[in-house]
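Peer 1: Have a look at this one.
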Amino acid sequence: GALPIIDILKEEIKRQGLEETVSVVGTGCQGFCEKGPTLVIEPQHILYTRVTKEDVEEIVSQELIKGERVERLLLIDQTTQKPVSLMSDINFFSKQHRIVLHNCGVIDPQKITDYTERDGYKGIQKALKEMSPEEVMEEVKKSGLRGRGGAGFPTGLKWGFCRQTPSDKKYIICNADEGDPGAFMDRSVLEGDPHSVIEGMLIGAYAIGADEGYVYCRAEYPLAIKHLEIAIKQAEEAGYLGDNILGSSFNFRLNVFAGAGAFVCGEETALMASIEGKRGMPRVRPPFPAVSGLWGKPTNINNVETWSNIPHILRNGAEWYTQFGTEKSKGTKIFALTGKVNNTGLVEVPMGTTLREIIFDIGDGIQGGKKFKAVQIGGPSGGCLPEDMLDLAVDYDTLTQAGAMVGSGGLVIMDETTCMVDIARYFLNFSKKESCGKCTPCREGTTRMYEILDRITKGEGKEEDLDTLENLAYTIKETSLCGLGQFAPSPILATLKYFRHEYEAHIHDHK
Ligand code: SF4
């Protein structure tokens with residue numbers, strides 16, 4: 001609903017004779033999705049939530065928009081019935097630490113000057129003027145950055161594998177095939193700050209020795225693709241992409257490839273097959289992409305959030321970056337908060353923040369005053385965690401030990417009315433539908449598991465079903481070819497571990 005309001009706002013500013021002093025900037029997502037459309041008055045950081053067309057005249061009439069001191073705020077938050085206030089007074093913003101989302105909701109993503117005014121492209125300038133590719137690689141290694149796409153593999157180490165492979169041609173790829181239900185971090189970064197991804201890739205290409213890159217973005221994200229294409233064109237015109245970048249001998253070209261929406265194309269080898277024009281199916285590794293990737297050439301793949309961290313690390317140094325996060329998981333992580341939480345939206349917090357802080361302080365607790373029951377972390381490959389794990393610090397290793405995973409960062413919150421067997425069935429159904437069918441354990445196994453779960457939720461479960469489910473789950477995990485199959489049973493295993501009584505109730509009470 002924001003776009004029509006922008007037009008009305010511009011008209012009203014003109015009508016009140018303020019067009020010389022006040023400008024309207026259309027930005028990307030501010031993250032406060034629950035309260036949209038939002039409007040922020042800068043430089044005071046005054047936030048208006050759920051703005052309607054009818055509010056516009058009143059907002060423009062206030063002193064605050066003319067840059068004067070705020071004495072009165074006339075708008076009332078429709079949920080809390082409190083006056084709308086400073087962004088810094090709102091837990092949703094004040095408890096976050098934004099590195100990757102630093103520009104989202106602040107700059108106009110369609111203007112390269114908005115990006116450069118906030119130190120954009122300073123990272124690549126520093127790399128090209130002051131550092132060798134090896135030094136850039138070392139800096140990223142020292143930062144402790146781990147891949148934000150799910151597996152959490154150390155980024156600098158991954159780059160090193162590709163750099164070490166001798167070849168006349170190397171590629172780098174940005175994986176923007178975000179497909180988890182409830183996840184929209186990558187979309188928001190591409191829509192709201194596309195230049196940060198381009199700059200991250202430039203720095204990576206320089207360190208690795210690649211001269212061409214692809215952003216593989218799902219076609220369901222048309223605005224992300226549009227903003228990216230505009231940003232690439234502007235970067236080319238400004239001399240950040242192309243030959244002899246910033247007067248150096250470094251050349252780099254960037255292409256956008258729209259994927260057709262298959263979840264499995266988020267897997268590296270399937271993604272590359274898709275770019276090559278083949279059916280998007282994973283293949284056996286080795287060879288790993290760093291040795292033989294796109295069109296048989298050494299290739300490095302990172303996701304949107306990982307690339308977007310890189311300019312900040314180069315600009316501010318690895319030491320600065322390591323102050324955020326835990327010993328083994330450095331930096332921040334973006335989470336998409338969805339489900340039965342009051343503040344659905346996009347949040348960025350230091351690694352090691354507890355689930356309780358994310359869900360109750362930033363997310364403002366459960367809708368309708370209901371009781372928290374569980375949180376699904378990591379989408380269909382992750383797991384559900386119960387209430388007694390709310391004080392768990394969110395980092396790669398802690399979550400894996402608990403039977404979940406950071407994954408791409410989707411957090412789906414469930415309240416006391418949610419049936420956990422239904423949830424397991426929902427996520428398994430997703431994996432079953434998205435299975436590419438190449439290997440038997442995943443193709444057949446997920447279907448058989450789904451049949452059992454469906455039977456249980458209909459009150460037709462049998463005593464032996466839970467053992468069969470567990471056996472199937474471990475077999476599929478051990479024997480599937482790619483991550484989709486290997487992690488498809490995770491929601492079932494986690495719910496069986498923490499909510500077994502709900503399965504038993506379905507079976508014994510026949511409902
Ligand atoms: Fe395809 Fe599933 Fe096998 Fe992966 S595990 S290759 S998605 S059938």
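Peer 1: I want the antiparallel fraction of DSSP beta bridges within the chain, as a percent rounded to 5.
Peer 2: 55 percent
Peer 1: Further question on the same structure: Can you list the lysines whose alpha carbon is less than 21 Å from that of residue 10, not counting same-chain residues fewer than 8 positions off?
Peer 2: Within the straight-line cut-off, residue 10 pairs with 53, 66, 111.
Peer 1: Heavy-atom accessible area of residue 136 with all protein chains present, probe 1.4 Å, nearest 10 Å²?
Peer 2: Rounded to the nearest 10, the figure is 0 Å².
Peer 1: Can you give the accessible area of residue 185 in Å² (nearest 10), computed on protein heavy atoms with a 1.4 Å probe?
Peer 2: Around 0 Å² of this residue is reachable by solvent.
Peer 1: With a cut-off of at most 16 other beta carbons within 10 Å, and DSSP calling the residue loop, which trypsin sites (Lys or Arg not before Pro) in segment 388-464 qualify? Please list them. Provide the component values of the computation, followed by the final result.
Peer 2: Details: sites: 425, 432, 433, 438, 443, 448, 455, 458, 462; in loops: 438, 458, 462.
For trypsin sites (Lys or Arg not before Pro) across segment 388-464 that sit outside H, G, I, E and B with at most 16 neighbouring Cβ atoms in 10 Å, the list reads 458, 462.
Peer 1: Using the Cβ atoms and a cut-off under 11 Å, what net charge is assigned to the surroundings of residue 259, where Lys and Arg are +1 and Asp and Glu are -1?
Peer 2: On the way: positive: 218; negative: 177, 178, 220.
That sum, taken over residues with Cβ under 11 Å, equals -2.
Peer 1: Using 0.36 nm per residue, how much length does the chain from residue 285 to residue 471 gain when fully extended, once their Cα-Cα distance is taken away? Could the numbers behind the result be given before it?
Peer 2: Values: separation 186, 0.36 × 186 = 66.96 nm, distance 2.58 nm.
Full-extension gain reported as 64.4 nm.
Peer 1: May I ask you to rank 283, 146, 356 by accessible area, largest first, using a 1.4 Å probe over the protein chains only?
Peer 2: 356, 283, 146
Peer 1: Something else: Write out the GluC sites (Glu not before Pro) in segment 256-310 meeting two conditions: DSSP loop, and at most 14 other Cβ atoms within 10 Å of their Cβ. Write out the running numbers ahead of the final one.
Peer 2: Working: sites: 267, 268, 276, 305; in loops: 267, 276.
Here the GluC sites (Glu not before Pro) that fit, given the DSSP loop and packing criteria, are 276.
Peer 1: Let me ask something else. State to the nearest 20 debye the size of the charge dipole of segment 123-186 about its Cα centre, where the only charges are +1 on K and R beta carbons and -1 on D and E beta carbons.
Peer 2: On the way: 10 positive and 10 negative charges, 41 e Å.
With only Lys, Arg, Asp and Glu charged at Cβ, the dipole is about 200 debye.
Peer 1: Also, quick follow-up: Please list, by residue number, everything in segment 251-270 whose backbone N is under 19 Å from a paramagnetic label point 7 Å out along Cα→Cβ of residue 295.
Peer 2: Only 251-259, 269-270 fall inside the zone, counting backbone N under 19 Å.
Peer 1: Also: So what does the Cα-only Debye profile of segment 332-415 read at q = 0.14, 0.18, 0.21, 0.24 Å⁻¹, as log10 I(q)/I(0), no solvent term?
Peer 2: Debye intensities relative to I(0), on a log10 scale: -0.37, -0.63, -0.88, -1.20.
Peer 1: Calculate the dipole size of the chain relative to its Cα centre from +1 charges on Lys and Arg beta carbons and -1 charges on Asp and Glu beta carbons; express the result in debye to the nearest 20.
Peer 2: The dipole magnitude comes to about 1080 debye.
Peer 1: Taking a probe of 1.4 angstrom, what is the accessible area of residue 171 in Å², to the nearest 10?
Peer 2: 20 Å²
Peer 1: Right, another one. With the cut-off at 1.5 for a/c, could you classify segment 373-511 from its C-alpha gyration tensor as rounded, prolate or oblate? Mind dumping the intermediate values first?
Peer 2: Values: a/c = 1.83, a/b = 1.06, b/c = 1.74.
Because a/c hits 1.5 or more and a/b fails to exceed b/c, segment 373-511 counts as oblate.
Peer 1: Considering only protein heavy atoms and a 1.4 Å probe, what is the carbon-and-sulfur percentage of the accessible area of the chain? Before the final figure, lay out the partial values.
Peer 2: Values: 10520 of 21200 Å².
Carbon and sulfur: 50 percent of the exposed surface of the chain.
Peer 1: Pairs of alpha-carbon atoms within less than 8 angstrom and 6+ residues apart define the contacts here; what relative contact order does the chain have, in percent? Intermediate values should be presented prior to the final figure.
Peer 2: Numbers: 1023 pairs, mean separation 72.8, N = 511.
Reported relative contact order: 14 percent.
Peer 1: Okay, next question. Select from 149, 87, 210 the residue farthest towards the positive end of the dipole of the chain; place +1 on Cβ of Lys and Arg, -1 on Cβ of Asp and Glu, and compute about the Cα centre.
Peer 2: Positive-end residue among those listed: 210.
Peer 1: Provide the FRET efficiency to the nearest 0.05 for the residue 422-residue 448 pair, computing r from the beta carbons and using R0 = 22 Å. Please list the in-between numbers first.
Peer 2: Numbers: r = 18 Å, r/R0 = 0.84.
With a Förster radius of 22 Å, E is 0.75.
Peer 1: Please list 475, 495, 447 in order of solvent-accessible area, largest first, computed with a 1.4 Å probe with all protein chains present. Could the numbers behind the result be given before it?
Peer 2: Details: 475 75, 495 0, 447 40 Å².
From most accessible down to least: 475, 447, 495.
Peer 1: Of 45, 60, 453, whose Cα points farthest to the positive end of the dipole of the chain (charges on the beta-carbon: +1 Lys, Arg; -1 Asp, Glu; origin at the Cα centre)?
Peer 2: Value computed over the given set: 453.
Peer 1: Just check segment 228-387 against the gyration tensor rule for me: Cα atoms, a ≥ b ≥ c as the square roots of the eigenvalues, rounded for a/c under 1.5, and otherwise prolate or oblate depending on whether a/b exceeds b/c.
Peer 2: Numbers: a/c = 2.13, a/b = 1.52, b/c = 1.40.
Judged from the Cα gyration tensor, segment 228-387 comes out prolate (a/c at least 1.5, a/b above b/c).
Peer 1: Please compute the contact order of segment 420-482 in relative form: average sequence separation of alpha-carbon pairs under 8 Å and at least six residues apart, divided by the residue count, as a percent. Let's see the in-between values first.
Peer 2: Numbers: 40 pairs, mean separation 23.0, N = 63.
Answer for segment 420-482 is 37 percent.
Peer 1: Another question about this same structure. Any idea how far apart residue 243 and residue 505 come out in nm if each label point goes 7 Å out from Cα toward Cβ?
Peer 2: The two pseudo-label positions are separated by 7.0 nm.
Peer 1: Based on the alpha-carbon gyration tensor of the chain and its eigenvalue square roots a ≥ b ≥ c, which shape applies: rounded if a/c is under 1.5, prolate if not and a/b is larger than b/c, or oblate? Working shown, then result.
Peer 2: Working: a/c = 1.98, a/b = 1.14, b/c = 1.74.
The shape class here is oblate.
Peer 1: Given Cβ point charges of +1 (Lys, Arg) and -1 (Asp, Glu) and nothing else, what value in debye, to the nearest 20, does the dipole of segment 420-509 about its Cα centre take?
Peer 2: Values: 12 positive and 15 negative charges, 96 e Å.
The calculated dipole for segment 420-509 is roughly 460 debye.
Peer 1: Additional query: Keeping every protein chain in place, order 153, 324 by accessible area at 1.4 Å, biggest value first, i.e. largest first. It would help to have the intermediate numbers written out before the result.
Peer 2: Numbers: 153 95, 324 25 Å².
I get 153, 324, largest accessible area first.
Peer 1: Hey, rough spin-label estimate for residue 400 and residue 328, points 7 angstrom out along Cα→Cβ, what's it come to in nanometres?
Peer 2: 0.7 nm
Peer 1: What residue among 131, 441, 189 has its Cα farthest toward the positive end of the dipole of the chain, where the charges are +1 on Lys, Arg and -1 on Asp, Glu, each on the Cβ?
Peer 2: 441
Peer 1: With r defined as the distance between the Cβ atoms of residue 58 and residue 440 and R0 fixed at 60 Å, what FRET efficiency is calculated, to the nearest 0.05? Numbers along the way, then the final one.
Peer 2: Values: r = 64 Å, r/R0 = 1.06.
According to the calculation, E is roughly 0.40.
Peer 1: Find the accessible area per residue for segment 332-415; the probe is 1.4 Å, ligands and nucleic acids are left out, and the unit is Å². Display every interim value, and only then the final one.
Peer 2: Values: 2230 Å² over 84 residues.
Using a 1.4 Å probe on heavy atoms only, each residue of segment 332-415 averages 27 Å².
Peer 1: Something else about it: Going Cα to Cα from residue 142, which lysines come in below 22 Å? Please leave out same-chain ones fewer than 8 positions away.
Peer 2: Answer for residue 142, where 22 Å is the Cα cut-off: 122, 126, 129, 158, 328, 330, 333, listed by chain and number.
Peer 1: Quick one: go through segment 24-53 and flag any residue whose amide nitrogen is under 15 Å from the point 7 Å out along the Cα-to-Cβ line of residue 7.
Peer 2: From segment 24-53, the list is 53.
The values are calculated or read from the model by the stated rules, or taken from the named source; none is laboratory data. Everything quoted here is computed from the prediction, not taken from an experiment. Using ideal geometry, Cβ is built from the backbone for each residue, glycine included, and neighbour counts are taken over all protein chains shown. Remember, those area values only see protein heavy atoms, side chains included, never the ligands or the DNA or RNA. Shrake-Rupley method; radii C 1.70, N 1.55, O 1.52, S 1.80 Å.
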